[in-house]
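We did not get these values from a lab; they are worked out from the coordinates using the rules stated. Being a predicted model, the structure only gives us computed values, none of them experimental. Positions of Cβ are backbone-derived with ideal geometry, glycine not excepted, and every protein chain shown enters the neighbour counts.
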Ligand SMILES: Nc1ncnc2c1ncn2[C@@H]1O[C@H](COP(=O)(O)OP(=O)(O)OP(=O)(O)O)[C@@H](O)[C@H]1O
Ligand SMILES: [Mg+2]
């Protein structure tokens with residue numbers, strides 16, 4: 001149905017309706033290799049839902065999502081992860097009852113099967129890799145701390161670390177700086193700058209300053225449809241966008 | 001790599017010093033204390049209680065760690081018990097022993113129900129090897145089917161609990177209804193010998209108590225290994241945030257099916273040991289009520305603690321025997337009250353109390369031992385540790 005493309009991610013005609021309400025409506029967009037794409041839009045525009053559809057959390061009603069020319073809509077969540085798509089959730093989604101170290105350990109690729117997990121050995125390599133990631137996400141000193149005890153910002157970082165250790169080709173981040181202090185925000189922007197190198201990133205964010213800093217291209221979503229798409233400057237100048245979103 | 005003399009606390013070890021102490025204390029209780037203070041009759045009773053501990057250990061894995069509450073563990077306990085009983089019953093039903101029946105050589109209850117031939121699915125239970133395999137495999141197959149049907153459809157929580165409860169009810173109804181094949185409401189009784197060895201005298205019961213104890217430790221060890229593996233940590237993660245685990249790349253259903261099957265296997269071994277020690281099995285051990293009792297044993301002991309589950313099974317059953325002799329009607333109420341009290345006030349049961357008040361002190365006392373064990377573990381797992389080879393390579 002969909003021709004083979006050079007895009008890393010090709011979303012075409014993507015639609016989902018919840019009891020007749022079309023949260024995402026015939027949506028098409030394309031993400032290049034190494035592109036950082038930001039999706040913005042008012043509350044309830046369907047931004048989170050788009051990410052949910054791509055990563056398999058919500059089942060689409062129609063359309064197609066091709067990742068490296070493989071149809072994701074037919075795959076289970078874990079298969080989509082193995083294909084190379086990683087996802088960070090809007091509210092920090094980590095394992096509260098486990099330590100920071102264990103959170104990262106479980107996110108380390110490999111030994112995904114039951115028997116693989118039973119036989120898994122915590123080797124020096126695994127430990128070293130986890131320590132390296134912990135350093136990047138500013139949590140080196142808290143490796144043995146229960147994740148539940150982290151601050152909100154630290155939880156966000158931990159979840160970013162959990163993605164990072166998966167080393168996905170497409171990284172999807174849902175409001176990565178929401179609820180962070182100014183200082184944390186700055187550190188996060190730096191962190192994202194380093195980790196987004198060499199992969200494609202799909203970010204949902206409300207913080208315009210942050211969007212300006214990182215976006216290559218911006219897609220504006222409104223009522224499940226694309227309102228505008230292009231460079232940050234072009235989008236900010238678009239009267240339709242100003243009316244429904246930026247004007248507030 | 002870290003220096004061997006400053007052990008890395010993250011180096012995974014099978015046992016910490018305080019865990020090891022916990023197992024040693026339990027071993028002392030089961031193999032030394034109880035046998036020396038109890039007479040043969042009471043020891044046999046405690047053996048029966050310990051056969052429930054197998055189920056409670058399985059529930060720690062499924063419910064405590066994995067968050068899967070099954071109210072149907074009695075089914076697996078019963079399947080193990082019935083498999084064992086079928087073998088023992090066939091051995092007891094020799095043509096000589098049953099010569100007064102209209103069809104000699106088949107179990108008595110079949111004869112009473114006008115069966116004239118052993119049903120085909122009873123025939124393999126003439127073999128002890130088959131029986132031992134079936135005790136574990138039959139319940140695991142059932143658990144697999146239930147688990148596969150439920151968990152791949154993402155049925156969980158209360159719905160899963162209710163469905164397992166319904167399965168327990170159905171199992172009882174089936175057993176009672178198919179009297180000619182199962183012995184009906186009376187169950188399978190009048191079991192005598194195991195490969196010619198009479199299981200009824202006190203000496204045999206005492207021997208079986210020790211066999212039961214050894215098997216309990218084997219099951220504890222397997223459960224401990226599962227909990228200490230990455231699969232164990234994944235189960236905690238699944239209980240915490242099932243959704244996130246999927247996005248870490250795991251097929252959650254497979255892990256749930258696995259622990260549910262493990263819990264079923266443990267329960268079934270307990271059931272078989274029940275039959276051997278008590279000398280019968282009946283549907284009263286299979287249905288909803290015993291299944292809920294088993295959850296209570298686990299809750300009282302502490303649903304996160306393998307050792308707690310064993311003490312919970314011992315304590316609640318001992319209390320039941322003691323109190324129900326004097327206040328039979330009150331016991332059920334007391335049991336309900338106990339469950340509510342534990343869930344409301346001590347959600348982690350006895351083991352939780354131990355963790356809150358005692359563990360700290362014991363850990364402090366054991367700290368030197370623990371460091372020593374850590375160093376030994378590090379030396380074993382670290383490839384760079386043996387100095388001579390490192391020098392040779394230079
Ligand atoms: N599972 C669901 N069932 C029913 N309605 C849903 C479901 N998921 C999302 N919706 C609806 O779809 C719409 C889009 O929601 P979505 O969470 O994608 O918005 P958003 O753009 O991420 O908003 P925000 O900026 O507040 O995060 C909302 O109206 C929401 O109520
Ligand atoms: Mg959202």
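Efficiency by 1/(1 + (r/R0)^6): what FRET value for residue B:320 and residue B:375, r their Cβ-Cβ distance, R0 = 51 Å, to the nearest 0.05?
Calculated transfer efficiency: 0.65.
Quick check: Cα centre of segment A:120-170 to Cα centre of segment B:65-141, how many Å?
53
Enter the angle in degrees (range 0 to 90, nearest 10) between the Cα long axis of helix A:124-136 and the first principal axis of the Cα atoms of chain A, meaning the one along which they spread out most.
With both axes taken from Cα atoms, the answer is about 50 degrees.
Among B:317, B:254, B:44, which one shows the biggest mean-square fluctuation in a GNM of chain B, springs joining Cα atoms closer than 10 Å?
Looking only at B:317, B:254, B:44, the largest GNM fluctuation is found for B:254.
Return one number: the angle in degrees, 0 to 90 and rounded to the nearest 10, between the long axis of the Cα atoms of helix A:182-195 and the longest principal axis of the Cα atoms of chain A.
Value to nearest ten degrees: 90.
State the antiparallel share, in %, of DSSP beta bridges confined to chain A, rounding to the nearest 5.
55
If each of residue A:240 and residue A:183 carries a label point 7 Å out from its Cα toward its Cβ, how far apart are those two points in nm?
So the label points at residue A:240 and residue A:183 sit 4.4 nm apart.
Please state the shape class of segment B:55-99: rounded when a/c is under 1.5, otherwise prolate if a/b exceeds b/c and oblate if not, all from the C-alpha gyration tensor. Walk me through the numbers before you get to the answer.
Values: a/c = 7.73, a/b = 4.80, b/c = 1.61.
In terms of gyration-tensor shape, prolate.
One-quarter of the Cα convex hull surface for the protein assembly as shown, in nm²?
Quarter of the Cα hull surface area: 37.7 nm².
How do B:291, B:248, B:324 line up, fewest other C-beta atoms within 10 Å first?
Details: B:291 28, B:248 25, B:324 15.
Result, fewest neighbours first: B:324, B:248, B:291.
Find how much the distance from residue B:144 to residue B:27 grows on full extension, using 0.36 nm per residue of separation minus their present alpha carbon separation; answer in nm with one decimal.
Taking residue B:144 through residue B:27 to full extension adds about 38.9 nm, to one decimal.
Please list, by residue number, everything in segment B:263-297 whose backbone N is under 18 Å from a paramagnetic label point 7 Å out along Cα→Cβ of residue B:343.
In segment B:263-297, the label zone of residue B:343 (backbone N under 18 Å from the point 7 Å along Cα→Cβ) covers B:288-297.
Give me the extension gain from residue B:103 to residue B:221: residue separation times 0.36 nm, minus the current Cα-Cα distance, reported in nm with one decimal.
37.9 nm
Anyone know which of A:112, A:30, A:95 comes out most mobile in the 10 Å Cα GNM of chain A?
A:112
Working from the alpha-carbon coordinates of segment B:15-283, get Rg over Rh, Rh being the Kirkwood radius.
Using Cα coordinates only, the ratio equals 1.02.
Would you kindly give the portion of the calculated P(r) for chain A that falls above 25 Å, as a percent of all Cα pairs?
The answer is 44 percent, as a whole percent.
If you take each beta carbon of peptide B:253-260 and count the beta carbons of other chains within 10 angstrom, what is the mean?
Mean shielding by partner chains, rounded to a whole number: 2.
Given R₀ = 56 Å, what would the calculated FRET efficiency be for residue B:41 paired with residue A:76, taking r from the Cβ atoms and rounding to 0.05?
Plugging the Cβ-Cβ distance into 1/(1 + (r/R0)^6) gives 0.50.
Quick one: Cα convex hull volume of segment A:81-213, Å³ per residue? Walk me through the numbers on the way to the answer.
Details: hull volume 14.2 nm³, N = 133.
About 107 Å³ per residue, rounded to a whole number.
With axes computed from alpha carbons, what is the tilt in degrees of helix B:230-247 against the longest principal axis of chain B, rounded to the nearest 10 within 0 to 90?
90
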